[in-house]
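Below you'll find the structure, written out as structure tokens, and then a few comments.
The values are calculated or read from the model by the stated rules, or taken from the named source; none is laboratory data. Not measured: the values here are computed from a predicted model. Here the Cβ is made from the backbone with ideal geometry for all residues, glycine too, and neighbour counts use every protein chain on show. Protein only, heavy atoms only, side chains kept; ligands, DNA and RNA dropped before computing areas. Shrake-Rupley method; radii C 1.70, N 1.55, O 1.52, S 1.80 Å.
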Amino acid sequence: MPPPPLKLDRALWSLLGNRPADVPVHLCGLGGSMRPFLRENDEVAVVRTFDSLHLGDLVVADLGERGLALHRILAFDGERVLVKGDANPQPDGWVPCSAILARAVALRRVGGRLRDLDSPSERLLARLIALASPHSPALRRLALPAWRTLSRVRRR
């Protein structure tokens, strides 16, 4: 029987530094900032090693005084990423890539089966969720021309 999942906090995270980086850490009780994709007490497996980050990835980000958060990547800007909880009205802001401590690789709903977040269908879903966020720079690039066109049509 596996050990129970852990709550996410900075003190616990520092203790996990001695574990091999490719061994998943199972987290739970992450709050409501990622609803409906993640629910209270869903179990999320994260690994501290990753080759690259992708649009839509769920990552453990160090948000400074605000603590650690498991949120979604909405955009990249050189050495920074824009992260946001799906249910939050505003993004957390741009954080340096060095503040990304881990990436989620699996999800288990309470009483459910394990979902591989690296599968093609889950990656596509994650990317679509990120693109659909009202704070996604990609959505803004697509929506701005449409908004301008609608504004011109309404003025006529």
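Details
- Carbon + sulfur, % of accessible area of the stretch 41-91 - ligands and nucleic acids excluded, 1.4 Å: 44
- nm² value of the averaged projected area, convex hull over the Cα atoms of the stretch 57-142: 6.3
- Rounded to the nearest 20, the size of the Cβ-charge dipole of the stretch 31-131 about its Cα centre is 320 debye, with Lys and Arg at +1 and Asp and Glu at -1.
- The convex hull of the Cα atoms of the stretch 33-84, projected and averaged over all directions, covers 4.2 nm².
- When peptides 108-114, 67-73 are sorted by average Cβ neighbour count within 10 Å, with the highest value leading, the order is 67-73, 108-114.
- Extension gain from T49 to D118, taking 0.36 nm per residue of separation minus the Cα-Cα distance: 23.5 nm
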